[in-house]
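See below for the structure under consideration.
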Amino acid sequence: MSHPNETSGLSYRDAGVDIEAGDALVEAIKPFAKKTLRDGVLGGIGGFGALFEVPKRYKEPVLVSGTDGVGTKLKLAFTLNKHDTVGQDLVAMSVNDILVQGAEPLFFLDYFACGKLDVATAATVVKGIAQGCELAGCALIGGETAEMPSMYPDGEYDLAGFAVGAVEKSKIIDGTTIVPGDVVLGLASSGAHSNGYSLVRKIIDVAKPDLDADFHGQPLRDVLMAPTRIYVKSLLALMQSLPVKGMAHITGGGIVENIPRVLQDHLTADIKQDAWTLPPLFQWLQAHGKVADAEMHRVFNCGIGMAVIVAAADADAAVKHLEASGETVYRLGTIRERKEGEAQTIVS
């Protein structure tokens, strides 16, 4: 995070930035950022630009970048006054995206914008960002805090993030080696992650549940706001162990729209709906929202946060390796030749 006076000149100062609040936030987040330091970091929080040197172990490094936000899950965070998980969501959405191309996340920058800075809320959010960076093994090396009066309602803010990773040019994962007979594995999600929250909020408006009531051992509000799972460390370890042919981060569009992004046109992923059990949260959302199966598969991850495609001969070893890393793994289905006019991912 950069100091408000060191970012965009007098425009922010003229807009009424509370300099003391900015100073307090910078001091509050420094301990969080410090925990994320890793090899390659050349500068700390507070400068005009962040410096990072690509680790020398890379022979032909290719940089992979990704940017994202948290979406309308923020609206639920405002309603519940719960800000401790959206920071991890922010990191996860970008690092999981660059991971699928085989990239190791190296560093992350965030953008926090509000009408008037609430130091306690902002620090809570950034603490979550730092926790997400720790889980991903990447450094939080900078960002921007923008205070823009009249742009946001009181108590609300917006978040965006940017991750950069590296992969050896010869080890880029692009799906071109996927062939019929390969196996699609699914890694369990931690909840709805950061997608489908416009529908989630509509269902809540209709069902009017007690958000503090017990829901399978936790308050429903905590289940709804569970942070997005970060798959970086387990999948980087898997890639060191055996060939991974393709990966798809299951975000907006669900299984049916994300797996095709790593498949060549002549291939289809044949996913079996009975390969995993729909988690309780999604059962609740489907029942109270009267959502059809096809719509569930298009809007939500339905309990699968990442798809991993490996050769059939490597499937058993991959499952064992991922489970040893703490992942819950499902054999979702297989890859086959695509029929004329057929979708590239079918859940049946």
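None of the figures in this text is laboratory data; all of them are computed from the coordinates on show. Bear in mind the structure is a predicted one, so any value in this text is a computation, not a measurement. Don't worry about glycine lacking a Cβ; one is built from the backbone with ideal geometry, like all the others, and counts go over all protein chains shown.
Assuming 1.567 mPa s and 4 °C, estimate D for the stretch 15-168 with Stokes-Einstein, Rh taken as the Kirkwood radius over Cα pairs, in µm²/s.
For these conditions, the coefficient is 82 µm²/s.
How far, in degrees from 0 to 90, does helix 232-241 lean away from the longest principal axis of the Cα atoms of the chain, to the nearest 10?
The helix 232-241 is inclined about 40 degrees to the chain.
Got a sec to turn the phi values of the stretch 203-212 into Karplus ³J(HN,Hα) couplings, 6.51 cos²θ - 1.76 cosθ + 1.60 with θ = phi - 60°, whole Hz, x for Gly and Pro?
With the stated coefficients, the stretch 203-212 comes to 5, 4, 4, 7, 6, 6, x, 7, 6, 8 Hz.
Beta carbons within 10 angstrom, averaged per residue: use that to sort the peptides 59-65, 219-225, highest first.
219-225, 59-65
With a 10 Å radius around each residue's Cβ, average the other Cβ atoms per peptide and rank 311-324, 102-115, highest first.
The densest-packed peptide leads the list: 102-115, 311-324.
Across 5 Å bins from 0, what is the distribution of all Cα-Cα pair distances for the stretch 95-161, in whole percents?
4, 17, 25, 20, 14, 11, 7, 3, 0
Considering the chain as a Gaussian network with a 10 Å cut-off on Cα pairs, which listed residue, PRO153, PRO243, PRO55, attains the greatest mean-square fluctuation?
Comparing PRO153, PRO243, PRO55 in the GNM, the peak value goes to PRO153.
Relative contact order of the chain, please, whole-number percent, based on alpha carbon pairs below 8 angstrom and at least 6 residues apart. Write out the running numbers ahead of the final one.
Values: 746 pairs, mean separation 73.2, N = 348.
Over the chain, the number comes to 21 percent.
Could you tell me what % of all Cα pairs in the stretch 182-347 have separations over 23 Å?
Result: 40 percent of Cα pairs exceed 23 Å.
Shape of the chain from its Cα gyration tensor (a ≥ b ≥ c, root eigenvalues): rounded if a/c is under 1.5, otherwise prolate when a/b > b/c, or oblate?
Oblate shape, in that a/c is at least 1.5 and b/c is the bigger or equal ratio.
Relative contact order of the stretch 212-348, please, whole-number percent, based on alpha carbon pairs below 8 angstrom and at least 6 residues apart.
In percent, rounded to a whole number, it is 39.
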